[in-house]
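Enquirer: A single structure is presented below for examination.
The values are calculated or read from the model by the stated rules, or taken from the named source; none is laboratory data. Here the structure is a predicted model, which is why all the values come from computation and not from measurement. Quick reminder, even Gly has a Cβ in these numbers, built from the backbone with ideal geometry, and neighbours come from all protein chains shown.
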């Protein structure tokens, strides 16, 4: 190496000597070199250069500067490889590397063999799937045994083969063969066709009587039968077959037949697959019925298939078939007809016909509907009448359709079938279908096309309907069929119970009440309710379920102060309906349990420290607002108590307290109680503590009164402490008014045992304390309390002021005399009040409060008053006289004030307005205790109106009410007081709104108790705010509408309402003199509806050839707030040719990309967050939905779906489709993208919303 010239190529990294790679995988042979100039690297295999330019599987990697990469290795790549480095100085070869290419070889095996046994019905279809794996992957083909190849040899599938068999007629074995160069395997699938039995043969009839026949038959099929079925009916009767099942013999006697009736009878064989075809019919006529009295009988049934058609406007032809059960020989018929089917049959016109089944009737009234019935006779007498048939005497109109029936009955729909009129006159152009329901009491009519079958939808479950039908020609409508009754099936309730409410009634119980689901959505009889309750923090699956048949229930044994989630569902005999929206209720607070871990330690001889922890979480029973710390002095030698207990309040969450001012060398008992709004709870267990000793104990203390007049003087007398714990140095005396700061006196020396205190206040409780002193400090205090003798006050009341409650009512307030002049407890006050110029007419008023009110003052007058206070010993001095003056022009009070209860908790007040420009509104005063002081009354301010509602009043209580005008300068004169009892007697009662939909509501009420109205008046209006499709807030004023109803009205349905609008509804009872009476009032919110139509999304441009920028529309929230929007992408495909609203949301959500042409949701935008522009195909996520990359050469259409914020999220509107979008469309225009108009920026355009909007309707075109 030392002899090599400078810059000679040098291999710094040689390839590994041996490397193994599997066929189809990539291999990398490493090589690194150095040299100057930089060497060029090439590779040789088996001493031959590798041409990387013409072999794309071989590349020199740039990232590792010389390594050789072989893609998708093949067996021919095996060999010896060398790396060659060459520059102008020389050439260097790496060490050789042997590459071995390993061929993976796995013989075929089935990963999913076909099912070994496949049982199917005759003529059914079947797919047999066979999947095999191996290396190399095997070919898979099918063979039908014994030797029929089903897979073409020139198109053998690899790995999987699905054999599709259609209309299978025979059993066979099919073999799946998987083969590769390493072997061949087989799996057999047996397809067994199970067939129904054939028809019984040789059906014969014998032993015929009037009511029974005997049937016999044969069966020769190979199938193993389970039993036979006999079907029979009168041959010409339009009725279902009667059926006898479970017959295990090949003979049977059919009984309970009708006499003298022709029957058709069939026999059917049944095996484990099902019923086979029926046998050939056996036709038999039963014998005549014998009657012991008459040697015969009347017909058992009416004539059949009565058909009527008009021959002209005055003539009709009638024909029929004989009865199914004639009970003998029919001798004749009688045809009854009338214009009024309500008449008694004896009043109908009739025509007798011999044993002919056809007749005509003339001299009829033109253009009139007649009802016809036919009756058969035998020699014994008449049989029953046929069902009524209608005909219209008008030439060219069809006769009555026949055999109208309900073939299928569901919960909300009925399938009707009929036979077209036998005589149509001219061609039938349509049918007229009529129906009414016994629930809504409404009649409906619909014109339908030419058919003999119609599905009537949109019905109420569990409701009786009457349905009838007529045919129509160009000449007009023919006669209708008689109404047929049809009751729809019950269903689970379509709505949850309504007005679910709950309130806690104690710390451990909650009362829940509810009302049944709306009647129109009950879908049957509600037979039970399920009340479910669970703690708020737990899942719904843990809820307790209580099954009830009432609409109120008290749930007890609950935890205290715990939130519970409660919901209710109703059920019919079919099952459970939807649950109500959960409501959350917390049980009441209760007093808490005892605080935990209370610890008390003395800090010094007069102070202790108390620590504690809150009650256990389960025992807190509410919010802890603080604590009470109770300290009680006890005797050392016993648990008896000394002095008064002490209580210290701790607020909020503080958990410690230092208590000072205690006595040295004294034992105390300490307890702590927690506090909620319900009060303090259990106290903790007592903890004893003793303050440190070393100071004198208590001296003995007495006191006596020395002087009572003119001031109070007392003398304290005490004895030396029995224990001084060292030299006694003196005494400390403290005294003063109880619960205030005490005055302190230090007495040095031990000889002083008396102390006189002079000039004490009268009528005050004083506190006196005496303690000895030693070298350690102050000893235990002896305490005495004393009430000083009372005397009359020596000073007047203070802080006297006055204010006008109204211009003629004055309120005077004051404070008691100062404490030093009080001389006892003030028991009353004396106020002298008079006009300044009238000293002879003085009002002398005694009150016990510090407030007095004087009313009915005269305008432009001066008044004077002064006040004095009283104790038990007499009055004190008067205050200085105070003067005030009333205004010159007080103004008059509102007149004719009246009040009437409008509910159990509300009253309406009305009055005559005060005629003054200065009036700005009115003040209403009301109270249950009519004192003079208006400050004690409840008040309500209203604007420029002449009536007002007082709400939340006590039921059955009597209120006094007065009204004053509110002027610019203050209140005007007060009106006369009126009284009213909160018991509604002159207004409609129990006003409720039922069946509230998007566009209607039904009001119901009871008549007033006392007033007998001549009619009722309903009025309603609304003011509504909503955000429109431009994001602008709109205000919609719906003007007041009035409806007058007759006296007997108790309910009324209001239509043409606007969805999602809160209406103020009033119902008034109008008296005979038409004087004003207040209405009963409620507010009703109509249900939400799907949003109004949106505009379609718009194309803006293609961005970078990968994304499409689109402009998205927004929906108006006039019919309900929007919960969210979906942006739906629909690839162009022949299966996606539906309208946007026909794509189901659940299908769109569940499409996770299994089908690349399936529509999908690209984004979800919550509430009003939908952007104005959106980049389609950005490969990002919006609220869990993938905005997939778009494919080139593929077209898309999009639409936006706005979903209303209801609990079920079932109301939505979809925009129209956008135009077809593709990545080869024009680029995005230069500049910033457009922005949605800002609703906060005002424009010159006034946007007005009409309250008289026409709702979309349906126009029938014939």
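Here is a yes/no grid of residues against (1) part of a loop (DSSP other than H, G, I, E, B); (2) exposed (fewer than 13 other Cβ atoms within 10 Å of the Cβ); (3) not assigned by TED's automatic domain parsing to the domain that holds residue 189:
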site	(1), (2), (3)
110	no, no, no
124	yes, no, no
127	no, yes, no
132	no, no, no
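Enquirer: Touching a strand residue (DSSP E or B) at 6+ places or on another chain (Cβ under 7 Å), assigned to a loop (DSSP other than H, G, I, E, B), under 28 Å from residue 277 (Cα atoms) and not assigned by TED's automatic domain parsing to the domain that holds residue 243: is that true of residue 168 in this structure? Steps first, please.
Expert: Numbers: touching a strand residue (DSSP E or B) at 6+ places or on another chain (Cβ under 7 Å): yes; assigned to a loop (DSSP other than H, G, I, E, B): yes; under 28 Å from residue 277 (Cα atoms): yes; not assigned by TED's automatic domain parsing to the domain that holds residue 243: yes.
Yes.
Enquirer: Restricting to the stretch 653-705, what's the tally of residues that are part of a loop (DSSP other than H, G, I, E, B) and more than 30 Å from residue 775 (Cα to Cα)?
Expert: Of the residues in the stretch 653-705, the ones part of a loop (DSSP other than H, G, I, E, B) are 653-655, 660-666, 677-678, 684-686, 691-700.
Those still in the list that are more than 30 Å from residue 775 (Cα to Cα) too: 653-655, 677-678, 684-686.
The number of residues fulfilling the criteria is 8.
Enquirer: I need a count of the residues in the stretch 1153-1181 that are within 30 Å of the chain's Cα centre (by Cα), touching a residue at least 24 places away in the same chain (Cβ under 8 Å) and either farther than 19 Å from residue 1216 by Cβ or part of a strand (DSSP E or B) (or both).
Expert: Final tally of qualifying residues: 10.
Enquirer: If I go through the stretch 51-77 residue by residue, how many of them are over 17 Å from residue 100 (Cα atoms) and surrounded by 13 or more Cβ atoms within 10 Å (Cβ to Cβ)?
Expert: Here the count works out to 8.
For (1) farther than 30 Å from residue 965 by Cα; (2) without any contact (Cβ under 8 Å) to a residue 24 or more places away in the chain; (3) part of a strand (DSSP E or B); (4) in the same structural domain as residue 761 (by TED's automatic domain parsing), each residue gets a yes or a no:
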{"residue": "804", "(1), (2), (3), (4)": "no, no, yes, no"}
{"residue": "820", "(1), (2), (3), (4)": "yes, no, no, no"}
{"residue": "846", "(1), (2), (3), (4)": "yes, yes, yes, no"}
{"residue": "852", "(1), (2), (3), (4)": "no, no, yes, no"}
{"residue": "858", "(1), (2), (3), (4)": "no, no, no, no"}
{"residue": "880", "(1), (2), (3), (4)": "yes, no, no, no"}
{"residue": "899", "(1), (2), (3), (4)": "no, no, yes, no"}
{"residue": "908", "(1), (2), (3), (4)": "no, no, yes, no"}
{"residue": "917", "(1), (2), (3), (4)": "no, yes, no, no"}
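Enquirer: With 120, 89 as the choices, which residue is at pLDDT below 90 and under 20 Å from residue 11 (Cβ atoms)?
Expert: From the options 120, 89, the qualifying one is 89.
Enquirer: Can you list the strands (runs of 3 or more DSSP E) lying wholly within the stretch 955-1023 that have 2 or more residues being without any contact (Cβ under 8 Å) to a residue 60 or more places away in the chain, on the phi > 0 side of the Ramachandran plot and touching a strand residue (DSSP E or B) at 6+ places or on another chain (Cβ under 6 Å)?
Expert: It comes to none.
Enquirer: Tell me, yes or no, whether the stretch 521-541 has at least one residue that is at pLDDT 90 or above, outside the structural domain of residue 458 (by TED's automatic domain parsing) and in contact with a helix residue (DSSP H, G or I) (Cβ under 7 Å, 6 or more places away or on another chain).
Expert: yes
Enquirer: OK, next. Could you list, ordered by first residue, the pairs with Cβ atoms under 8 Å in which the first is in the stretch 10-25 and on the phi < 0 side of the Ramachandran plot and surrounded by 16 or more Cβ atoms within 10 Å (Cβ to Cβ) and the second is modelled with pLDDT under 85 and assigned to a loop (DSSP other than H, G, I, E, B), at least 6 apart or interchain?
Expert: Here the result reads 23/103; 23/104, each pair linking the stretch 10-25 to a residue that is modelled with pLDDT under 85 and assigned to a loop (DSSP other than H, G, I, E, B).
Enquirer: Related question: From (1) buried (at least 17 other Cβ atoms within 10 Å of the Cβ); (2) at pLDDT below 90; (3) under 34 Å from the mean Cα position of the chain (by Cα); (4) outside the structural domain of residue 667 (by TED's automatic domain parsing), pick out the condition that doesn't hold for residue 620.
Expert: Residue 620 satisfies every listed condition except (4).
Enquirer: Mind checking whether some residue in the stretch 756-770 is more than 29 Å from residue 814 (Cβ to Cβ), modelled with pLDDT of 90 or more, in contact with a strand residue (DSSP E or B) (Cβ under 6 Å, 6 or more places away or on another chain) and buried (at least 20 other Cβ atoms within 10 Å of the Cβ)?
Expert: yes
Enquirer: A further question follows. Within the stretch 1130-1139, can you find the residues that are at pLDDT 85 or above, outside any loop (DSSP other than H, G, I, E, B) and farther than 10 Å from residue 1197 by Cα?
Expert: none
Enquirer: Out of the residues in the stretch 180-197 meeting the condition of being closer than 16 Å to residue 129 by Cα and either buried (at least 16 other Cβ atoms within 10 Å of the Cβ) or modelled with pLDDT under 85 (or both), tell me which one is farthest from the chain's Cα centre (by Cα).
Expert: Here the residue is 185.
Enquirer: So residue 84 passes all but one of these: (1) surrounded by 13 or more Cβ atoms within 10 Å (Cβ to Cβ); (2) out of contact with any strand residue (DSSP E or B) (no Cβ under 6 Å at 6 or more places or on another chain). Which condition number does it fail?
Expert: (2)
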